[in-house]
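Peer 1: After the structure tokens below, expect a handful of questions from me.
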Amino acid sequence: MTRGVTETKFGAGSLESITLRRRVVKGVVPEARVEGYFRIYCGAGNEHHQRIRGPWTRMDESFKDILADDDEVAKELVEAELDGWTDPCAS
Ligand SMILES: [Zn+2]
């Protein structure tokens, strides 16, 4: 593990296969990233395991209210990674 990076793993639930990492760049800029797998239950009733490997993301103003909450931060970042996800069952 890189120095200064904290790792959070989650209990049973939608984030159970996701790892949240946080770091503070230059002592002031908080960043976070998510990695792992996310289960998606699609409209066709199937379960998909989507590989998630988000970039280091700067926790800017939009994270202000959820910054202290690991679950919320992880969900937000996972959601960003799933943006544009298309259901393979639909093609
Ligand atoms: Zn599907």
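Peer 1: Given the options Phe38, Phe63, Phe10, name the one that is in contact (Cβ under 8 Å) with a residue 40 or more places away in the chain and away from the ligand (no atom under 16 Å from the Cβ).
Peer 2: Phe10
Peer 1: Which one of these does His49 not meet: (1) touching a strand residue (DSSP E or B) at 6+ places or on another chain (Cβ under 9 Å); (2) exposed (fewer than 12 other Cβ atoms within 10 Å of the Cβ); (3) on the phi > 0 side of the Ramachandran plot?
Peer 2: (3)
Peer 1: Which of (1) part of a loop (DSSP other than H, G, I, E, B); (2) within 11 Å of the ligand (Cβ to nearest atom) does Gln50 not meet, given it meets every other one?
Peer 2: (1)
Peer 1: Within the range 66-81, does at least one residue satisfy the condition of being surrounded by fewer than 17 Cβ atoms within 10 Å (Cβ to Cβ), modelled with pLDDT under 95 and not in a loop (DSSP other than H, G, I, E, B)?
Peer 2: Taking every residue of the range 66-81 in turn, none turns out to be surrounded by fewer than 17 Cβ atoms within 10 Å (Cβ to Cβ), modelled with pLDDT under 95 and not in a loop (DSSP other than H, G, I, E, B).
Peer 1: Specify the residue that is farthest from Gly27 (Cα to Cα); the eligible residues are those in the range 66-91 that are more than 16 Å from the ligand (Cβ to nearest atom), touching a residue at least 40 places away in the same chain (Cβ under 8 Å) and of a type in the set (A, V, I, L, M). Quick ask: steps written out before the conclusion?
Peer 2: In the first step, residues of the range 66-91 are kept if they are more than 16 Å from the ligand (Cβ to nearest atom); the result is 66-81, 83.
Those still in the list that are touching a residue at least 40 places away in the same chain (Cβ under 8 Å) too: 70-71, 73-75, 77-78, 81.
Add one more test, that the residue is of a type in the set (A, V, I, L, M), and what stays is 73-74, 77-78.
Details: Val73: 19, Ala74: 21, Leu77: 22, Val78: 25 Å.
If we take residues in the range 66-91 being more than 16 Å from the ligand (Cβ to nearest atom), touching a residue at least 40 places away in the same chain (Cβ under 8 Å) and of a type in the set (A, V, I, L, M), then Val78 is farthest from Gly27 (Cα to Cα).
Peer 1: Another question, then. Hey, Arg21 hits all of (1) within 29 Å of Cys89 (Cβ to Cβ); (2) surrounded by 17 or more Cβ atoms within 10 Å (Cβ to Cβ) but one; which does it fall short on?
Peer 2: (1)
Peer 1: Would you call Thr8 touching a Leu at 6+ places or on another chain (Cβ under 9 Å) and surrounded by 14 or more Cβ atoms within 10 Å (Cβ to Cβ)? Outline the logic, then answer.
Peer 2: Values: touching a Leu at 6+ places or on another chain (Cβ under 9 Å): yes; surrounded by 14 or more Cβ atoms within 10 Å (Cβ to Cβ): yes.
For Thr8, the condition - touching a Leu at 6+ places or on another chain (Cβ under 9 Å) and surrounded by 14 or more Cβ atoms within 10 Å (Cβ to Cβ) - is met.
Peer 1: Taking the residues in the range 50-79 that are over 14 Å from the mean Cα position of the chain (by Cα) and of a type outside the set (D, E, K, R) as candidates, determine which candidate is farthest from Val5 (Cα to Cα).
Peer 2: Ser62
Peer 1: Something else now. Among (1) surrounded by 11 or more Cβ atoms within 10 Å (Cβ to Cβ); (2) touching a residue at least 24 places away in the same chain (Cβ under 8 Å); (3) part of a loop (DSSP other than H, G, I, E, B), where does Glu16 come up short?
Peer 2: Among (1) surrounded by 11 or more Cβ atoms within 10 Å (Cβ to Cβ); (2) touching a residue at least 24 places away in the same chain (Cβ under 8 Å); (3) part of a loop (DSSP other than H, G, I, E, B), Glu16 violates only (2).
Peer 1: Also, I was wondering about something else. Looking only at the range 1-34, count every residue that is polar (S, T, N, Q) and modelled with pLDDT of 95 or more and tell me the total. Give the steps one after another, and end with the answer.
Peer 2: Initially, the range 1-34 is screened for residues polar (S, T, N, Q), giving 2, 6, 8, 14, 17, 19.
Adding the requirement that they be modelled with pLDDT of 95 or more leaves 6, 8, 17, 19.
Number of matching residues: 4.
The values are calculated or read from the model by the stated rules, or taken from the named source; none is laboratory data. Here the structure is a predicted model, which means the values were calculated and not measured. Positions of Cβ are generated from backbone atoms using ideal geometry, with glycine treated the same way; all protein chains shown enter the neighbour counts.
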